[in-house]
Amino acid sequence: MIKVFTSDKIKALDQYTMEHDGVSSIELINRVAQQFAQHFSRLYKPQANPVVILAGPGNNGADALTIAVELARMMYTTEVYLFNVKDNLSVECSEKRAVACNEGNLIFNEVKTSFTMPQLTQRHVIIDGLFGVGLNRPLESGFAQLVDQINQSGCQVVSIDIPSGLFADSNRNRSGDSIIHATHTFTVETPKLSFFFAENSSFVGNIVTLPINLSREGKEELSAKYHLITDHDVSEAIVPLDRFAHKGTLGHLLLVAGSRGKTGAAIMAAKAALRCGVGKLTAHLPGCCETAMQSALPEAMISLDKHNEVDTRIASLEPYSSIAIGPGIGQADLTEAMLDDLLLRARTPVVLDADALNILGERRDLFTRIPEYSILTPHAKELERMVGYCTSSEQRLDEALFLAQQYNIYVLLKGHYSAICTPGGKVYFNPTGNSGMATAGSGDVLTGMIGAFLAQGYRPLVATMIATYLHGLAGDYYAARFSPRSLIASDIIDMLPEAFKAFQA
(Lines give C-alpha, C1' and ligand atoms only; values in the text may rest on other atoms or scores of the structure.)
Protein backbone atom coordinates (compact mmCIF):
# COMPACT_ATOMS: atom_id res chain seq x y z
CA MET A 1 0.00 0.00 0.00
CA ILE A 2 1.07 3.55 -0.67
CA LYS A 3 0.14 5.73 2.26
CA VAL A 4 -1.57 8.96 1.23
CA PHE A 5 -0.39 11.39 3.87
CA THR A 6 -2.20 14.54 4.91
CA SER A 7 -0.22 17.80 4.91
CA ASP A 8 0.85 17.53 8.54
CA LYS A 9 2.19 14.01 7.97
CA ILE A 10 4.01 15.15 4.81
CA LYS A 11 5.91 17.70 6.87
CA ALA A 12 6.58 15.10 9.55
CA LEU A 13 7.97 12.69 6.93
CA ASP A 14 10.31 15.35 5.57
CA GLN A 15 11.49 16.06 9.10
CA TYR A 16 11.91 12.37 9.90
CA THR A 17 14.02 11.91 6.76
CA MET A 18 16.28 14.81 7.66
CA GLU A 19 16.73 13.67 11.26
CA HIS A 20 17.17 9.94 10.70
CA ASP A 21 18.78 9.74 7.26
CA GLY A 22 21.16 12.65 7.74
CA VAL A 23 19.71 14.57 4.80
CA SER A 24 19.44 18.35 4.72
CA SER A 25 16.41 20.25 3.48
CA ILE A 26 18.57 21.62 0.67
CA GLU A 27 19.40 18.08 -0.43
CA LEU A 28 15.69 17.22 -0.56
CA ILE A 29 15.09 20.32 -2.68
CA ASN A 30 17.90 19.27 -5.01
CA ARG A 31 16.34 15.82 -5.37
CA VAL A 32 13.00 17.37 -6.30
CA ALA A 33 14.65 19.57 -8.93
CA GLN A 34 16.62 16.71 -10.47
CA GLN A 35 13.57 14.48 -10.73
CA PHE A 36 11.42 17.34 -12.01
CA ALA A 37 13.89 18.26 -14.75
CA GLN A 38 14.23 14.64 -15.82
CA HIS A 39 10.48 14.15 -16.23
CA PHE A 40 9.95 17.62 -17.68
CA SER A 41 12.45 16.91 -20.47
CA ARG A 42 10.36 13.93 -21.58
CA LEU A 43 7.40 16.20 -22.24
CA TYR A 44 9.03 19.42 -23.46
CA LYS A 45 12.16 20.10 -25.52
CA PRO A 46 14.66 22.99 -25.10
CA GLN A 47 14.47 24.06 -28.72
CA ALA A 48 10.66 24.05 -28.77
CA ASN A 49 9.48 25.23 -25.36
CA PRO A 50 10.75 28.35 -23.60
CA VAL A 51 10.04 28.24 -19.87
CA VAL A 52 8.69 30.84 -17.44
CA ILE A 53 8.99 29.85 -13.79
CA LEU A 54 7.01 31.53 -11.02
CA ALA A 55 8.51 31.02 -7.56
CA GLY A 56 6.90 31.81 -4.22
CA PRO A 57 8.70 32.84 -1.01
CA GLY A 58 8.63 29.43 0.72
CA ASN A 59 10.17 26.05 0.06
CA ASN A 60 7.96 25.49 -2.98
CA GLY A 61 9.68 28.59 -4.34
CA ALA A 62 13.06 27.10 -3.41
CA ASP A 63 12.11 24.05 -5.48
CA ALA A 64 11.18 26.35 -8.36
CA LEU A 65 14.44 28.29 -8.23
CA THR A 66 16.47 25.08 -8.22
CA ILE A 67 14.45 23.73 -11.13
CA ALA A 68 15.10 26.98 -13.00
CA VAL A 69 18.84 26.45 -12.64
CA GLU A 70 18.56 22.80 -13.71
CA LEU A 71 16.59 23.66 -16.84
CA ALA A 72 18.83 26.57 -17.76
CA ARG A 73 21.81 24.22 -17.63
CA MET A 74 19.88 21.83 -19.88
CA MET A 75 19.72 24.68 -22.42
CA TYR A 76 16.07 25.61 -21.97
CA THR A 77 15.36 29.30 -22.49
CA THR A 78 14.47 29.98 -18.87
CA GLU A 79 13.10 33.03 -17.13
CA VAL A 80 12.25 32.96 -13.42
CA TYR A 81 10.23 35.38 -11.29
CA LEU A 82 10.68 35.21 -7.52
CA PHE A 83 7.76 36.78 -5.67
CA ASN A 84 9.22 38.34 -2.54
CA VAL A 85 6.54 40.95 -1.86
CA LYS A 86 6.89 40.81 1.93
CA ASP A 87 10.69 40.50 1.91
CA ASN A 88 10.34 37.30 3.93
CA LEU A 89 11.89 34.34 2.15
CA SER A 90 12.36 30.98 3.82
CA VAL A 91 15.96 30.08 4.63
CA GLU A 92 16.04 27.55 1.79
CA CYS A 93 14.44 29.94 -0.68
CA SER A 94 16.96 32.64 0.22
CA GLU A 95 19.86 30.23 -0.34
CA LYS A 96 18.48 29.11 -3.70
CA ARG A 97 17.89 32.74 -4.68
CA ALA A 98 21.64 33.36 -4.40
CA VAL A 99 22.36 30.40 -6.68
CA ALA A 100 19.79 31.48 -9.26
CA CYS A 101 21.14 35.03 -9.34
CA ASN A 102 24.55 33.73 -10.34
CA GLU A 103 23.39 31.32 -13.04
CA GLY A 104 24.52 32.85 -16.34
CA ASN A 105 22.02 31.03 -18.56
CA LEU A 106 19.06 32.10 -16.45
CA ILE A 107 17.04 35.31 -16.62
CA PHE A 108 16.30 36.10 -12.97
CA ASN A 109 13.66 38.59 -11.79
CA GLU A 110 12.66 39.42 -8.23
CA VAL A 111 9.17 40.85 -7.73
CA LYS A 112 8.73 43.08 -4.68
CA THR A 113 6.00 45.47 -5.79
CA SER A 114 4.26 45.31 -9.16
CA PHE A 115 4.41 42.49 -11.69
CA THR A 116 3.71 42.41 -15.40
CA MET A 117 3.31 39.03 -17.04
CA PRO A 118 5.95 38.59 -19.77
CA GLN A 119 4.94 38.18 -23.38
CA LEU A 120 3.95 34.56 -23.83
CA THR A 121 3.37 32.38 -26.88
CA GLN A 122 1.59 29.07 -27.18
CA ARG A 123 5.02 27.41 -27.08
CA HIS A 124 5.80 28.73 -23.60
CA VAL A 125 5.46 26.46 -20.58
CA ILE A 126 4.74 28.02 -17.20
CA ILE A 127 6.12 26.24 -14.16
CA ASP A 128 4.04 26.98 -11.08
CA GLY A 129 6.12 27.04 -7.91
CA LEU A 130 4.19 29.66 -5.99
CA PHE A 131 2.70 27.74 -3.06
CA GLY A 132 2.89 24.14 -1.86
CA VAL A 133 1.19 21.86 0.66
CA GLY A 134 1.70 24.36 3.48
CA LEU A 135 -0.95 26.71 2.08
CA ASN A 136 -3.86 26.99 4.52
CA ARG A 137 -5.97 29.87 3.23
CA PRO A 138 -7.29 30.92 -0.19
CA LEU A 139 -5.12 33.17 -2.33
CA GLU A 140 -6.13 36.81 -2.32
CA SER A 141 -5.40 40.14 -4.03
CA GLY A 142 -2.17 40.09 -6.05
CA PHE A 143 -1.62 36.34 -6.01
CA ALA A 144 -5.27 35.70 -6.90
CA GLN A 145 -4.86 38.04 -9.88
CA LEU A 146 -1.64 36.26 -10.87
CA VAL A 147 -3.40 32.88 -10.82
CA ASP A 148 -6.13 34.31 -13.03
CA GLN A 149 -3.51 35.57 -15.51
CA ILE A 150 -1.84 32.17 -15.60
CA ASN A 151 -5.12 30.38 -16.19
CA GLN A 152 -5.99 32.75 -19.02
CA SER A 153 -2.55 32.65 -20.65
CA GLY A 154 -3.31 29.73 -22.95
CA CYS A 155 0.03 28.17 -21.98
CA GLN A 156 0.58 24.71 -20.63
CA VAL A 157 1.24 24.81 -16.90
CA VAL A 158 3.27 22.36 -14.83
CA SER A 159 2.78 22.65 -11.07
CA ILE A 160 5.43 21.64 -8.56
CA ASP A 161 3.99 19.19 -6.00
CA ILE A 162 0.47 20.73 -6.01
CA PRO A 163 -1.30 23.44 -8.04
CA SER A 164 -0.97 26.76 -6.22
CA GLY A 165 -4.15 27.67 -4.38
CA LEU A 166 -5.28 24.07 -3.92
CA PHE A 167 -5.17 22.73 -0.37
CA ALA A 168 -3.47 19.37 0.06
CA ASP A 169 -6.27 17.91 2.20
CA SER A 170 -9.77 19.37 2.33
CA ASN A 171 -11.14 21.89 -0.18
CA ARG A 172 -14.76 21.57 0.88
CA ASN A 173 -16.97 24.57 0.08
CA ARG A 174 -14.19 26.32 -1.85
CA SER A 175 -14.52 27.90 -5.27
CA GLY A 176 -11.85 27.42 -7.90
CA ASP A 177 -11.41 31.12 -8.66
CA SER A 178 -7.90 31.31 -7.21
CA ILE A 179 -6.45 27.91 -8.03
CA ILE A 180 -4.03 27.10 -10.82
CA HIS A 181 -5.43 24.88 -13.60
CA ALA A 182 -2.35 22.76 -14.25
CA THR A 183 -1.77 20.71 -17.36
CA HIS A 184 0.50 18.45 -15.33
CA THR A 185 1.21 18.23 -11.63
CA PHE A 186 4.61 16.80 -10.72
CA THR A 187 3.88 15.74 -7.17
CA VAL A 188 6.62 14.77 -4.73
CA GLU A 189 6.88 11.18 -3.46
CA THR A 190 3.13 10.47 -3.08
CA PRO A 191 -0.11 11.94 -4.44
CA LYS A 192 -1.92 14.39 -2.20
CA LEU A 193 -5.32 13.58 -0.74
CA SER A 194 -7.09 16.34 -2.67
CA PHE A 195 -6.04 14.71 -5.96
CA PHE A 196 -8.53 11.89 -5.40
CA PHE A 197 -11.64 14.10 -5.54
CA ALA A 198 -13.46 14.73 -8.81
CA GLU A 199 -13.97 18.45 -8.23
CA ASN A 200 -10.19 18.97 -8.17
CA SER A 201 -9.46 17.15 -11.42
CA SER A 202 -9.40 20.29 -13.57
CA PHE A 203 -6.80 21.85 -11.28
CA VAL A 204 -4.48 18.87 -11.03
CA GLY A 205 -4.38 17.71 -14.65
CA ASN A 206 -2.11 14.75 -15.36
CA ILE A 207 -0.25 13.52 -12.30
CA VAL A 208 3.41 12.53 -12.35
CA THR A 209 4.92 11.27 -9.10
CA LEU A 210 8.53 12.26 -8.38
CA PRO A 211 10.38 9.80 -6.12
CA ILE A 212 12.93 11.55 -3.89
CA ASN A 213 13.78 8.66 -1.56
CA LEU A 214 12.10 9.87 1.61
CA SER A 215 12.69 7.63 4.62
CA ARG A 216 11.13 4.18 4.27
CA GLU A 217 11.16 3.78 8.03
CA GLY A 218 9.42 7.11 8.39
CA LYS A 219 6.65 6.01 6.05
CA GLU A 220 6.18 2.82 8.02
CA GLU A 221 6.16 4.60 11.34
CA LEU A 222 3.74 7.39 10.42
CA SER A 223 0.09 6.38 10.53
CA ALA A 224 -2.25 7.13 7.63
CA LYS A 225 -5.99 7.06 7.22
CA TYR A 226 -5.83 6.95 3.41
CA HIS A 227 -4.03 4.46 1.18
CA LEU A 228 -3.55 3.77 -2.52
CA ILE A 229 -3.74 0.15 -3.68
CA THR A 230 -0.81 -1.09 -5.81
CA ASP A 231 -0.34 -4.04 -8.13
CA HIS A 232 2.00 -5.51 -5.52
CA ASP A 233 -0.84 -5.56 -2.98
CA VAL A 234 -3.06 -7.45 -5.40
CA SER A 235 -0.30 -9.86 -6.38
CA GLU A 236 0.34 -10.66 -2.72
CA ALA A 237 -3.37 -11.08 -1.99
CA ILE A 238 -4.29 -13.50 -4.79
CA VAL A 239 -3.89 -17.07 -3.57
CA PRO A 240 -2.59 -19.52 -6.24
CA LEU A 241 -4.97 -22.31 -7.12
CA ASP A 242 -4.27 -25.56 -5.34
CA ARG A 243 -3.59 -28.31 -7.86
CA PHE A 244 -6.10 -30.50 -6.01
CA ALA A 245 -8.79 -27.83 -5.97
CA HIS A 246 -12.29 -28.75 -7.14
CA LYS A 247 -15.59 -26.96 -7.40
CA GLY A 248 -16.46 -27.90 -3.84
CA THR A 249 -13.40 -26.14 -2.45
CA LEU A 250 -13.77 -22.93 -4.46
CA GLY A 251 -16.99 -21.70 -2.92
CA HIS A 252 -20.65 -21.47 -3.84
CA LEU A 253 -22.08 -18.04 -4.58
CA LEU A 254 -25.77 -17.24 -4.42
CA LEU A 255 -26.54 -14.35 -6.78
CA VAL A 256 -29.98 -12.80 -6.27
CA ALA A 257 -30.63 -10.75 -9.40
CA GLY A 258 -32.89 -9.95 -12.30
CA SER A 259 -36.49 -8.99 -13.00
CA ARG A 260 -38.50 -8.47 -16.14
CA GLY A 261 -36.52 -6.22 -18.47
CA LYS A 262 -33.35 -6.50 -16.36
CA THR A 263 -32.18 -10.03 -17.06
CA GLY A 264 -28.94 -8.68 -18.52
CA ALA A 265 -27.80 -7.41 -15.13
CA ALA A 266 -28.15 -10.90 -13.70
CA ILE A 267 -26.31 -12.49 -16.63
CA MET A 268 -23.37 -10.07 -16.47
CA ALA A 269 -22.96 -10.44 -12.70
CA ALA A 270 -23.14 -14.23 -12.99
CA LYS A 271 -20.67 -14.44 -15.84
CA ALA A 272 -18.20 -12.15 -14.07
CA ALA A 273 -18.42 -14.31 -10.94
CA LEU A 274 -17.65 -17.46 -12.90
CA ARG A 275 -14.74 -15.73 -14.65
CA CYS A 276 -13.29 -15.00 -11.20
CA GLY A 277 -13.02 -18.67 -10.34
CA VAL A 278 -15.95 -19.38 -8.04
CA GLY A 279 -16.54 -23.13 -7.85
CA LYS A 280 -20.33 -23.01 -8.16
CA LEU A 281 -22.81 -20.26 -8.83
CA THR A 282 -26.54 -20.34 -8.23
CA ALA A 283 -28.56 -17.48 -9.68
CA HIS A 284 -31.88 -16.89 -7.95
CA LEU A 285 -34.16 -15.47 -10.63
CA PRO A 286 -37.84 -14.80 -11.37
CA GLY A 287 -39.34 -17.08 -13.97
CA CYS A 288 -39.09 -14.55 -16.80
CA CYS A 289 -35.27 -14.62 -16.61
CA GLU A 290 -34.76 -18.39 -16.71
CA THR A 291 -34.51 -19.03 -20.44
CA ALA A 292 -32.18 -16.10 -21.09
CA MET A 293 -29.84 -17.09 -18.26
CA GLN A 294 -29.65 -20.75 -19.26
CA SER A 295 -29.04 -19.80 -22.88
CA ALA A 296 -26.39 -17.20 -22.11
CA LEU A 297 -24.61 -19.00 -19.30
CA PRO A 298 -25.03 -22.79 -19.16
CA GLU A 299 -22.42 -22.96 -16.36
CA ALA A 300 -24.80 -21.26 -13.92
CA MET A 301 -27.29 -23.16 -11.79
CA ILE A 302 -30.68 -21.59 -11.29
CA SER A 303 -32.90 -21.25 -8.25
CA LEU A 304 -36.26 -20.24 -9.64
CA ASP A 305 -38.46 -17.85 -7.70
CA LYS A 306 -42.16 -18.67 -7.42
CA HIS A 307 -42.93 -15.27 -8.95
CA ASN A 308 -42.56 -14.80 -12.69
CA GLU A 309 -41.68 -11.09 -12.70
CA VAL A 310 -39.58 -10.32 -9.59
CA ASP A 311 -37.60 -12.07 -6.83
CA THR A 312 -39.72 -12.60 -3.71
CA ARG A 313 -38.38 -15.43 -1.54
CA ILE A 314 -35.26 -17.56 -1.11
CA ALA A 315 -35.80 -20.86 0.66
CA SER A 316 -32.53 -21.82 2.31
CA LEU A 317 -29.24 -19.94 2.56
CA GLU A 318 -27.32 -22.89 4.01
CA PRO A 319 -25.70 -24.21 0.81
CA TYR A 320 -23.98 -20.94 0.00
CA SER A 321 -20.62 -19.61 1.12
CA SER A 322 -21.44 -16.06 0.03
CA ILE A 323 -24.41 -14.02 -1.18
CA ALA A 324 -24.63 -11.10 -3.62
CA ILE A 325 -27.92 -9.31 -4.18
CA GLY A 326 -29.12 -6.35 -6.19
CA PRO A 327 -28.35 -6.32 -9.93
CA GLY A 328 -31.63 -5.77 -11.73
CA ILE A 329 -33.94 -6.89 -8.90
CA GLY A 330 -36.13 -3.77 -8.98
CA GLN A 331 -37.86 -2.25 -5.97
CA ALA A 332 -41.22 -3.99 -5.86
CA ASP A 333 -42.81 -4.41 -2.43
CA LEU A 334 -42.33 -8.17 -2.60
CA THR A 335 -38.65 -7.72 -3.44
CA GLU A 336 -38.23 -5.29 -0.55
CA ALA A 337 -39.73 -7.89 1.78
CA MET A 338 -37.36 -10.51 0.36
CA LEU A 339 -34.34 -8.30 1.12
CA ASP A 340 -35.61 -7.73 4.65
CA ASP A 341 -35.95 -11.49 5.16
CA LEU A 342 -32.58 -12.30 3.58
CA LEU A 343 -30.71 -9.85 5.80
CA LEU A 344 -32.38 -11.31 8.89
CA ARG A 345 -31.36 -14.86 7.97
CA ALA A 346 -27.90 -14.27 6.51
CA ARG A 347 -25.04 -15.42 8.72
CA THR A 348 -22.16 -14.36 6.48
CA PRO A 349 -21.24 -11.03 4.82
CA VAL A 350 -23.49 -10.06 1.92
CA VAL A 351 -22.62 -8.00 -1.17
CA LEU A 352 -25.34 -5.38 -1.75
CA ASP A 353 -25.56 -3.39 -4.97
CA ALA A 354 -27.94 -1.54 -7.28
CA ASP A 355 -31.61 -1.92 -6.33
CA ALA A 356 -30.69 -3.50 -3.00
CA LEU A 357 -29.04 -0.18 -2.16
CA ASN A 358 -32.00 1.79 -3.46
CA ILE A 359 -34.26 -0.22 -1.16
CA LEU A 360 -31.93 0.59 1.73
CA GLY A 361 -32.32 4.26 0.81
CA GLU A 362 -36.07 3.92 1.32
CA ARG A 363 -35.82 1.63 4.34
CA ARG A 364 -33.08 2.97 6.60
CA ASP A 365 -34.23 0.58 9.33
CA LEU A 366 -32.73 -2.28 7.30
CA PHE A 367 -29.20 -1.03 7.93
CA THR A 368 -29.26 -2.51 11.42
CA ARG A 369 -29.98 -5.94 9.92
CA ILE A 370 -27.02 -6.00 7.53
CA PRO A 371 -24.56 -8.71 8.66
CA GLU A 372 -21.30 -7.21 9.88
CA TYR A 373 -18.49 -6.91 7.36
CA SER A 374 -20.95 -6.95 4.46
CA ILE A 375 -19.99 -4.96 1.37
CA LEU A 376 -22.10 -2.14 -0.09
CA THR A 377 -21.09 -0.95 -3.56
CA PRO A 378 -22.84 2.37 -4.31
CA HIS A 379 -22.05 4.83 -7.04
CA ALA A 380 -22.51 8.51 -6.17
CA LYS A 381 -26.27 8.68 -6.70
CA GLU A 382 -26.94 5.40 -4.90
CA LEU A 383 -24.97 6.67 -1.92
CA GLU A 384 -26.92 9.92 -1.87
CA ARG A 385 -30.19 7.97 -1.88
CA MET A 386 -28.97 6.42 1.36
CA VAL A 387 -27.38 9.43 3.07
CA GLY A 388 -28.89 12.49 1.43
CA TYR A 389 -27.59 15.06 -1.05
CA CYS A 390 -23.85 15.78 -0.97
CA THR A 391 -22.25 18.94 -2.33
CA SER A 392 -18.96 17.31 -3.35
CA SER A 393 -17.19 13.99 -3.80
CA GLU A 394 -15.22 14.87 -0.68
CA GLN A 395 -18.44 14.97 1.33
CA ARG A 396 -19.63 11.73 -0.28
CA LEU A 397 -16.46 10.01 0.87
CA ASP A 398 -16.98 11.29 4.41
CA GLU A 399 -20.56 10.00 4.38
CA ALA A 400 -19.49 6.59 3.02
CA LEU A 401 -16.85 6.30 5.71
CA PHE A 402 -19.38 7.22 8.39
CA LEU A 403 -21.73 4.48 7.14
CA ALA A 404 -18.92 1.93 7.22
CA GLN A 405 -18.00 2.79 10.79
CA GLN A 406 -21.57 3.17 12.05
CA TYR A 407 -22.77 -0.23 10.82
CA ASN A 408 -19.49 -2.19 10.84
CA ILE A 409 -19.57 -2.78 7.10
CA TYR A 410 -17.45 -2.03 4.04
CA VAL A 411 -18.63 0.66 1.64
CA LEU A 412 -17.10 0.70 -1.83
CA LEU A 413 -17.83 4.16 -3.23
CA LYS A 414 -17.49 3.66 -6.97
CA GLY A 415 -16.05 6.14 -9.44
CA HIS A 416 -12.65 7.26 -10.62
CA TYR A 417 -10.40 6.28 -7.71
CA SER A 418 -13.10 4.03 -6.23
CA ALA A 419 -12.73 4.19 -2.45
CA ILE A 420 -13.07 1.21 -0.11
CA CYS A 421 -14.19 2.54 3.27
CA THR A 422 -13.62 0.20 6.21
CA PRO A 423 -15.29 -0.27 9.61
CA GLY A 424 -11.97 0.71 11.18
CA GLY A 425 -12.04 4.17 9.58
CA LYS A 426 -9.51 3.64 6.79
CA VAL A 427 -9.91 4.36 3.08
CA TYR A 428 -8.27 2.47 0.21
CA PHE A 429 -8.29 4.18 -3.19
CA ASN A 430 -8.19 2.06 -6.33
CA PRO A 431 -5.98 3.41 -9.16
CA THR A 432 -7.24 1.30 -12.09
CA GLY A 433 -10.12 2.02 -14.43
CA ASN A 434 -11.05 4.69 -16.95
CA SER A 435 -13.96 6.87 -18.04
CA GLY A 436 -15.13 4.29 -20.58
CA MET A 437 -16.29 2.16 -17.67
CA ALA A 438 -19.00 4.71 -16.88
CA THR A 439 -21.49 2.50 -18.67
CA ALA A 440 -24.57 0.49 -17.73
CA GLY A 441 -23.74 -2.92 -16.30
CA SER A 442 -20.22 -2.12 -15.15
CA GLY A 443 -21.32 -2.22 -11.52
CA ASP A 444 -23.15 -5.52 -12.03
CA VAL A 445 -19.90 -7.05 -13.24
CA LEU A 446 -18.10 -5.80 -10.15
CA THR A 447 -20.78 -7.21 -7.84
CA GLY A 448 -20.34 -10.66 -9.33
CA MET A 449 -16.59 -10.42 -8.98
CA ILE A 450 -16.67 -9.41 -5.31
CA GLY A 451 -19.16 -12.16 -4.53
CA ALA A 452 -16.94 -14.72 -6.25
CA PHE A 453 -13.86 -13.83 -4.24
CA LEU A 454 -15.88 -13.74 -1.05
CA ALA A 455 -17.22 -17.23 -1.81
CA GLN A 456 -13.66 -18.51 -2.28
CA GLY A 457 -12.79 -17.56 1.28
CA TYR A 458 -11.15 -14.17 0.87
CA ARG A 459 -11.78 -11.72 3.69
CA PRO A 460 -14.25 -8.96 2.74
CA LEU A 461 -11.61 -6.21 2.45
CA VAL A 462 -9.30 -8.40 0.38
CA ALA A 463 -12.13 -9.66 -1.84
CA THR A 464 -13.24 -6.08 -2.50
CA MET A 465 -9.71 -4.86 -3.14
CA ILE A 466 -8.82 -7.64 -5.61
CA ALA A 467 -12.13 -7.41 -7.46
CA THR A 468 -12.06 -3.62 -7.76
CA TYR A 469 -8.45 -3.57 -8.98
CA LEU A 470 -8.95 -6.34 -11.57
CA HIS A 471 -12.26 -4.83 -12.70
CA GLY A 472 -10.50 -1.54 -13.47
CA LEU A 473 -7.47 -3.27 -14.98
CA ALA A 474 -9.65 -5.24 -17.38
CA GLY A 475 -11.28 -1.98 -18.44
CA ASP A 476 -7.87 -0.38 -18.91
CA TYR A 477 -6.72 -3.27 -21.10
CA TYR A 478 -9.76 -2.84 -23.31
CA ALA A 479 -9.30 0.94 -23.54
CA ALA A 480 -5.62 0.55 -24.45
CA ARG A 481 -6.35 -2.03 -27.15
CA PHE A 482 -9.44 -0.37 -28.61
CA SER A 483 -11.02 2.79 -27.19
CA PRO A 484 -12.59 3.77 -23.87
CA ARG A 485 -15.51 5.29 -25.75
CA SER A 486 -16.57 1.95 -27.26
CA LEU A 487 -16.31 -0.02 -24.01
CA ILE A 488 -19.40 -1.86 -22.76
CA ALA A 489 -19.74 -3.85 -19.55
CA SER A 490 -19.39 -7.22 -21.27
CA ASP A 491 -15.97 -6.13 -22.54
CA ILE A 492 -14.77 -5.93 -18.94
CA ILE A 493 -15.69 -9.59 -18.45
CA ASP A 494 -14.01 -10.56 -21.72
CA MET A 495 -10.77 -8.89 -20.62
CA LEU A 496 -10.68 -10.49 -17.17
CA PRO A 497 -8.50 -13.41 -18.36
CA GLU A 498 -5.81 -10.93 -19.39
CA ALA A 499 -6.12 -9.11 -16.09
CA PHE A 500 -5.61 -12.37 -14.20
CA LYS A 501 -2.74 -13.31 -16.49
CA ALA A 502 -0.92 -10.14 -15.43
CA PHE A 503 -0.72 -11.71 -11.96
CA GLN A 504 -0.22 -15.26 -13.22
CA ALA A 505 -3.43 -16.15 -11.43
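The values are calculated or read from the model by the stated rules, or taken from the named source; none is laboratory data. All values reported here derive from a predicted model rather than from experimental measurement. Don't worry about glycine lacking a Cβ; one is built from the backbone with ideal geometry, like all the others, and counts go over all protein chains shown. Quick note on the areas: whole protein, heavy atoms, side chains included, nothing else; ligands and nucleic acids left out. Shrake-Rupley method; radii C 1.70, N 1.55, O 1.52, S 1.80 Å.
To the nearest Å, what is the center-to-center distance of segment 62-126 and segment 430-490, using C-alpha atoms only? After rounding, the separation between the Cα centres reads 46 Å. Applying a threshold of 25 Å to the alpha-carbon distances of Lys11/Lys426; Lys3/Lys280; Lys225/Lys280; Lys247/Lys271; Lys11/Lys96; Lys96/Lys225 flags Lys3/Lys280; Lys225/Lys280; Lys96/Lys225 as lying beyond it. Over segment 84-198, the pair-distance histogram of Cα-Cα distances with 5 Å bins from zero comes to 2, 10, 18, 22, 22, 16, 7, 2, 0, 0 percent, rounded to whole numbers. Once all protein chains are placed together, Phe503 keeps about 40 Å² accessible to a 1.4 angstrom probe.
Proximity of backbone amide H atoms, modeled 1.01 Å from N, is registered between Glu110 and Leu82 at under 5 Å, excluding neighbours fewer than 5 places apart on the same chain. For Asp87, put the label point 7 Å out on the Cα→Cβ axis and report which residues of segment 106-124 keep their amide N under 18 Å from it. Only 110-115 fall inside the zone, counting backbone N under 18 Å. Once backbone amide H atoms are built at 1.01 Å from N, Arg313 has Lys306 as its partners under 5 Å, excluding neighbours fewer than 5 places away on the same chain.
Solvent exposure of Tyr478, expressed as accessible area, is near 30 Å², computed with a probe of 1.4 Å over the protein chains only.
Annotation: Thr190 carries an accessible surface of approximately 20 Å², with a 1.4 Å probe and no ligand, DNA or RNA atoms counted. With a 1.4 Å probe rolled over the protein heavy atoms of all chains, the accessible area of Arg364, Arg385, Arg347 falls in the order Arg347, Arg385, Arg364, largest first. Based on the Stokes-Einstein relation at 4 °C and a viscosity of 1.567 mPa s, and on the Kirkwood radius from alpha carbon pairs, segment 307-346 is assigned a translational diffusion coefficient of 120 µm²/s. Prolate is the label for the chain, because a/c, from the alpha-carbon gyration tensor with a ≥ b ≥ c as root eigenvalues, is 1.5 or above and a/b exceeds b/c.
Just how far, in whole angstrom, is segment 369-420 from segment 287-348 if you go by their alpha carbon centroids? Measuring centre to centre over Cα atoms gives 24 Å. Projected over all directions and averaged, the alpha-carbon convex hull of segment 9-66 occupies 4.8 nm². Near Ile53, the amide H atoms lying under 5 Å from its own belong to Glu79, Val80, Tyr81, Ile127; only residues 5 or more places off or on other chains count, and H is placed 1.01 Å from N.
Rounded to the nearest 5, the antiparallel percentage of DSSP beta bridges internal to the chain is 15%.
By accessible area of protein heavy atoms, probe 1.4 Å, what ranking do Ser202, Ser435 get, highest first?
Ser435, Ser202
Karplus-derived 3J(HN,Hα) values for segment 282-294, using 6.51 cos²θ - 1.76 cosθ + 1.60 with θ = phi - 60°, are 10, 9, 8, 9, x, x, 5, 9, 4, 4, 4, 5, 5 Hz; glycine and proline are entered as x.
Over the Cα atoms of segment 440-505, the radius of gyration divided by the Kirkwood radius equals 0.98; this is the Rg/Rh ratio. Evaluating 6.51 cos²θ - 1.76 cosθ + 1.60 at θ = phi - 60° for every residue in segment 2-9, the Karplus couplings come out as 9, 6, 9, 7, 6, 4, 5, 6 Hz, glycine and proline recorded as x.
Ordered by 1.4 Å accessible area with all protein chains kept, Val208, Val99, Val427 run largest first as Val99, Val208, Val427.
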